[in-house]
Amino acid sequence: MPELAVGGQRWQVAAGVNLLDALNGHGVAVPSGCRAGHCHSCRVRCIGGEPHDQLPQALPSSERAAGWRLACQCRVVEDLEVVPYDPRADGIDAQVSALSWPSPCVLRLRVIPARPLRYQPGQHVLLWSEDGIARPYSLASLPGDAPWLEFHLQCARPGAFADRARALQVGDRLRLGEVLSGPLHYDPAWEARPLWLLASGTGLAPLWAVLREALRQNHQGPIRVLHMAAPGEHYLAAELQALAASHPALVVDLRGPDADLGDLRPSRQAIALACGAPTRVEAIARRMFMAGLPRNQLFTDTFDKKPADSV
Ligand SMILES: Cc1cc2nc3c(=O)[nH]c(=O)nc-3n(C[C@H](O)[C@H](O)[C@H](O)COP(=O)(O)OP(=O)(O)OC[C@H]3O[C@@H](n4cnc5c(N)ncnc54)[C@H](O)[C@@H]3O)c2cc1C
Ligand code: FES
């Protein structure tokens, strides 16, 4: 049986056991969110031995070379020594600078990091509560636009992080983990093409940053923003409509959460970015393909969530 070592502890585990389960089962508190390689909350650094990694492409090669692995994707196949990610040492301190509720369920959170963070529109970051709950949240702010980082948090339902977010006060501290890239981004080469930004709920957060980046880069093609949300939950309606008033090429389309999408007909040249709840993003993607949009012109990201499984 292989041996697992963390700090001063050393114990035997069944060959092939999932690394996250082996750590948490022995009382080593490693947080997790998705267990699917998306959220990166389960990062650990391997300093001796090599686990079998089922999803090596989930981390950049520079991070893998430094020993970082996603524990939820690894199996223990030989003696292994790991160091869990420590937000106090590895993360960046940040202070809550503003909190507001643009709709009953969405918390707009602004934090000022202790040192500037390099990021691009469409990226996300791990937020750590002071008691060690980590969840990924998309950056809604535009780099270089303001000293704060902005996040839009869906707080309608109970949840480990949502419960803590509701209780936050200005001046409270959070830790920021690494900045992570997903499929969402703005490419200046899209300048003349129709740009469709399609969101459900707080899936609008990264697309709000992408939209303003496109306008900042003087995007020439028509832009359509579709936001699907429950009545009263179109939390950026006023800001979107104000932008549309000053940018004639921008069309804002606000719909219910289960609205029919059959009228959406992007041109063959369009670029579409979709983000939000998995079922809604799947429905949007299906509609885009049925309407003839080539697959490589659709970029989707989902807020995949399995039931709470965190420490
Ligand atoms: C790349 C990425 C980017 C993301 N960006 C954003 C973003 O910008 N904004 C955003 O709002 N979210 C975002 N998410 C989702 C976010 O990370 C959290 O997963 C989500 O907010 C829920 O976290 P939580 O800790 O509050 O819920 P968890 O404790 O992880 O629970 C998950 C879900 O289980 C259900 N649940 C948990 N406990 C209970 C209970 N007692 N009763 C009933 N149901 C329960 C709830 O539906 C809850 O939402 C993103 C996710 C990913 C992967
Ligand atoms: S990536 Fe491992 S729990 Fe999300």
Among Pro136, Pro194, Pro206, which one shows the highest mean-square fluctuation when the chain is modelled as a Gaussian network with alpha-carbon springs under 10 Å? Pro194
Between Ile47 and Asp90, how many nm apart are label points set 7 Å from Cα along the C-beta direction? 1.2 nm
Based solely on C-alpha atoms, express the radius of gyration and the Dmax of the stretch 188-302 in angstrom. 13.0, 36
Largest to smallest accessible area among Val170, Val252, Val281 [probe 1.4 Å]: Val170, Val252, Val281
Using a 1.4 angstrom probe and counting only protein chains, how large is the accessible area of Glu78 in Å², to 10? 80 Å²
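Rule-of-thumb check for the chain: C-alpha Rg over 2.2 N^0.38 Å? If you can, show how the numbers build up before the last one.
Values: Rg = 20.6 Å, N = 311, 2.2 N^0.38 = 19.5 Å.
Dividing the Cα radius of gyration by 2.2 N^0.38 Å gives 1.06.
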Explain nothing, just the number: dipole magnitude of the chain about its Cα centre with +1 on each Lys and Arg Cβ and -1 on each Asp and Glu Cβ, in debye rounded to the nearest 20. 560 debye
Among Asp53, Asp90, what's the order by accessible area (1.4 angstrom probe), most exposed first? Asp90, Asp53
Which sequence of Arg157, Arg43 reflects their accessible areas, 1.4 Å probe, from the largest down? Arg157, Arg43
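Just the number please: accessible area per residue for the chain, 1.4 Å probe, all protein chains included, in Å². Intermediate values should be presented prior to the final figure.
Numbers: 13800 Å² over 311 residues.
On a per-residue basis, the chain sits at 44 Å².
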Return the sequence-ordered ³J(HN,Hα) values of the stretch 278-286 in whole Hz as given by the Karplus equation 6.51 cos²θ - 1.76 cosθ + 1.60 applied to θ = phi - 60°, using x for Gly and Pro. x, 5, 6, 5, 4, 5, 5, 4, 4
Hey, what do the phi angles of the stretch 226-235 turn into as Karplus ³J(HN,Hα) couplings, whole Hz, using 6.51/-1.76/1.60 and θ = phi - 60°, x for Gly and Pro? 10, 10, 9, 7, 5, x, x, 10, 7, 6
Net lengthening on full extension, Ala242/Ala66 (0.36 nm per residue, minus Cα-Cα): 58.8 nm
So what are the ³J(HN,Hα) numbers for the stretch 259-272, from phi and the Karplus equation (6.51, -1.76, 1.60; θ = phi - 60°), rounded to whole Hz, Gly and Pro as x? 4, 5, 10, x, 8, 6, 9, x, 6, 5, 8, 5, 10, 10
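Hey, with R₀ at 45 Å, roughly what FRET efficiency would Gln220 and Gln54 work out to, going by the Cβ-Cβ distance, to 0.05?
Values: r = 43 Å, r/R0 = 0.96.
Working from the Cβ atoms, E equals 0.55.
Which value at 222 nm does the chain reach when only helices count, each DSSP H run of 4 or more adding -39,500 (n - 2.57), with the total divided by all residues and rounded to the nearest 500 deg cm²/dmol?
Counting only the DSSP helices, I get -5000 deg cm²/dmol.
Over the chain, with every protein chain in place, what whole percent of the accessible area is carbon and sulfur at 1.4 Å, could you tell me? Mind showing how you got there, number by number?
Details: 7010 of 13800 Å².
Exposed carbon and sulfur together represent 51 percent of the surface.
The values are calculated or read from the model by the stated rules, or taken from the named source; none is laboratory data. Bear in mind the structure is a predicted one, so any value in this text is a computation, not a measurement. Every residue, glycine among them, receives a Cβ derived from its backbone with ideal geometry; neighbour counts consider all protein chains shown. These area figures cover heavy atoms from the full protein model, side chains too; ligands, DNA and RNA do not enter into them. Shrake-Rupley method; radii C 1.70, N 1.55, O 1.52, S 1.80 Å.
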